[in-house]
Amino acid sequence: MKQQGQIREQSDLKIAHFDCDCFFAAVEKRDNPTLHDKPIAVGSDTPRSVVATACYVARIYGVRSAMPMVKAKTLCPHLVIVPHDFSKYKQAHQAIKQILQTADLPLKYDMLDEGDMDISQYQGDKIALCFALQQEIREKLQLTLSFGLGPNKVMAKIICNIEKPNGLVAMNTDEIKQWMKDKPVSLLAGVGPATATRLAKRGITRISQLQTADALMLMQQFGKFGASLKAMSLAQGSSINMQKRVEKTISVEHTFSVDVSNITQLEACITEFSHHLARKLHGRACKKIILKLRNRHFETITRNITLVEPIWQAEQISDAGVALLKNMIQGRYYYHVASDSQTNQQSYRLIGLGIGSFVKHRGSLGLFGTNND
Ligand SMILES: [Mg+2]
C-alpha cells in the first residue's frame, strides 16, 4: 500500500475515487457541536425506519447504515437519532463539488457523497493534488472525505475504503493485485452472498484463487460476469464494461409506517421517486424501469419493463412506473402475491422504484416496449 509521497510512478493512477466519510452524520455533527462525541444515527425514529448514516462513534456499538432503527437503539441505547435534512446535505455536496472542480478535471458523481475524478491526463503530482483538495475541504467545510487512486474506477473505489476516514490511498495495478491476494472474493464489485456461495462451492473464497482460476470455467459458470471476476481479480476493472456492473440500476424505496393499499398513495410515491431518480441520471437516459412491492406478509415482488426508446424526464419515469404498478396490482401479478382473502385487497409495507439500462441522452420520447420479467 502506498500513500502520499511514497509512490514514484504515477502513470498507472487514472481514477481518483472520493467518498465523504459518514456524510449525513458528519454534516449534522459539524452543524451541532453538542453532538460531537455522541453516537448519532441519521434517520427517523419510527418503528420501521432504517439508519441512513451512522457516525463512527455509533459504529463502535455495531450500528450500521440500512439497519432497522429499532435494532440500532437496542445495540446503542443512548443513540441520538437526528432527522434527515436533505437541503443541508445538498448544500454540503455543492460546496464540496465546487472545491473538487477547482482541479479542472472531469468529475462524475455517483451519489451525493461519492464519485470519480479522471486524473489520467493530470500532469502534476496526482497524490499531492488529492491531498490538497482533501485538506481544503476539511479546513473550509469541516468535512472529511477519503480518496482512492487507482488504475480504474472499480479498483479506485475498493482502495478508497482502506483507510477511511480521511484516507488517501494510491496503488498501481501490481500493488493492488498483490494486496488483494488474501482478501475474500466479496471485496469485488458485484460479488454478493449468492455469488460468494457459488464460488465457494468451486473452492474459490480468496481473490488469489480467482487470479489463477481458469477464465473459461468462470465464464461458463457466471457468464459475462465470470470474465469480470477474472479481470477484477487482476485489478483490471473497466475493460469489460465494469461501469455497467457497478451501476446497473439506481433505485429508491420507502417503507410505510402503516401498510398502504390505496393505489393513489402508491402512485404518489412513484411520482416523488421519479423526480429523485431523474436527477441522478446526470445526462444519461434509461431504458429500464423496475418496481418493487413488499406486502404485509413480507413477500417481495419485483418487476421491470424495458422501453423501446430511452427516457430521462421525471414525468416519463413516473408514467412508466405507474403503468408497471397497475400491471402488477391489477394484472396477473395480483394473484401471484397471496392476496388477503378476507378483504381481497393487497396492502403494502414497502414500495421501491429503480431505473437501469443507461444510455447516452438521445433526446427522444419513450414508448413502451416489451415486458420482461
Ligand atoms: Mg460516503
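Just so it is clear, none of the values below were taken in a lab; they were calculated from the coordinates. Keep in mind that what you see is a predicted model, and the values were worked out from it rather than measured. Heads up, the Cβs are rebuilt from the backbone with ideal geometry, glycines too, and the neighbour counts pull from every protein chain shown.
Which three extents, in whole angstrom, do the alpha-carbon atoms of region 181-236 cover along their principal axes, largest first?
Principal axes ranked by extent give 23, 23, 18 Å for the Cα atoms.
List the residues, sorted by chain then number, that are 5 or more residues from E309 or on another chain and whose placed amide H is less than 5 Å from its amide H.
Counting only residues 5 or more places away or on other chains, the set is L367.
For the peptides 199-212, 12-25, 125-138, what is the packing order when you average, over each peptide's residues, the other Cβ atoms within 10 Å and list the highest mean first?
On the way: 199-212: 15.7, 12-25: 23.7, 125-138: 17.9.
Output ranking for 199-212, 12-25, 125-138: 12-25, 125-138, 199-212.
Considering only DSSP beta bridges where both residues belong to region 248-360, give the percentage that are antiparallel (nearest 5). Before the final figure, lay out the partial values.
Values: 27 of 27 bridges.
Antiparallel bridges make up about 100 percent of those DSSP assigns within region 248-360.
Using the Cα centre of region 248-360 as the reference point, and only Cβ charges (+1 on K/R, -1 on D/E), how large is the resulting charge dipole? Debye, rounded to the nearest 20.
Details: 14 positive and 9 negative charges, 100 e Å.
Dipole magnitude for region 248-360 comes out near 480 debye.
Label 7 Å along Cα→Cβ of S261; region 288-317 residues with amide nitrogen under 12 Å?
So the set is 296.
Grab every C-alpha pair in region 64-148, bin the distances at 5 angstrom width from 0 up to the longest one, and report whole percents.
All Cα pairs considered, the percentages come to 3, 11, 20, 19, 14, 12, 9, 7, 4, 1, 0.
Work out the charge dipole of the chain with +1 on the Cβ of Lys and Arg and -1 on the Cβ of Asp and Glu about the Cα centre, then indicate which of F358, A213, F147 is farthest towards its positive end.
It is A213.
Pull out the extension gain between T197 and D37, defined as 0.36 nm times the separation in residues minus the alpha carbon to alpha carbon distance; nm, one decimal. Each step should come with its number before you reach the end.
On the way: separation 160, 0.36 × 160 = 57.60 nm, distance 3.94 nm.
Full extension from T197 to D37 adds 53.7 nm.
Using a cut-off of 13 Å between beta-carbons, work out the net charge of the residues near L325 (Lys and Arg +1, Asp and Glu -1, L325 not included). Kindly include the intermediate steps, with their values, before the conclusion.
Details: positive: K292, R303, K326; negative: E267, D319.
So the environment of L325 carries a net charge of +1.
Counting only other residues whose beta carbon sits under 12 Å from that of K71, what net charge do I get with K and R as +1, D and E as -1?
Numbers: positive: R48, R64, K73; negative: none.
For residues surrounding K71, the net value is +3.
So for the chain, taking the charge dipole from beta-carbon charges (+1 Lys/Arg, -1 Asp/Glu), which of G321, V80, L199 sits furthest toward the positive end?
It is L199.
From the cross-link list K248/K280; K97/K287; K29/K71; K14/K140, which pairs have alpha carbons spaced over 18 Å apart? Spell out each step's value before the answer.
Values: K248/K280 13 Å; K97/K287 28 Å; K29/K71 22 Å; K14/K140 27 Å.
Beyond 18 Å: K97/K287; K29/K71; K14/K140.
Using R₀ = 51 Å, calculate the FRET efficiency as 1/(1 + (r/R₀)^6) where r is the Cβ-Cβ separation of D45 and L234; round to 0.05. Intermediate results must be reported in sequence, preceding the final value.
Details: r = 46 Å, r/R0 = 0.91.
With a Förster radius of 51 Å, E is 0.65.
Just to confirm a number: summing +1 for Lys and Arg and -1 for Asp and Glu over residues other than L145 whose beta-carbon lies under 14 angstrom from that of L145, what do you get?
My count for the surroundings of L145 gives -3.
Dipole of region 103-150, Cα-centred, from +1 at each Lys and Arg C-beta and -1 at each Asp and Glu C-beta, to the nearest 20 debye?
Numbers: 4 positive and 9 negative charges, 24 e Å.
Rounded to the nearest 20 debye, it is 120 debye.
If each residue of separation counts as 0.36 nm, what is the full-extension length gain between Q123 and A215 once their alpha-carbon separation is subtracted?
Details: separation 92, 0.36 × 92 = 33.12 nm, distance 3.60 nm.
Extra length from Q123 to A215 when fully extended: 29.5 nm.
Please give the contour-minus-distance gain from Q178 to N161: 0.36 nm per residue of separation, less the Cα-Cα distance, rounded to one decimal in nm. The partial results should precede the final answer.
On the way: separation 17, 0.36 × 17 = 6.12 nm, distance 1.68 nm.
4.4 nm is the gain from fully extending Q178 to N161.
Can you list residues from other chains, or at least 5 along the same chain, whose modelled amide H is less than 5 Å from the amide H of S146?
D19, C20, D21, N166, G167
What whole number of Å gives the distance from the Cα centroid of region 77-127 to the Cα centroid of region 168-188?
Value for the Cα centre distance between the two parts: 24 Å.
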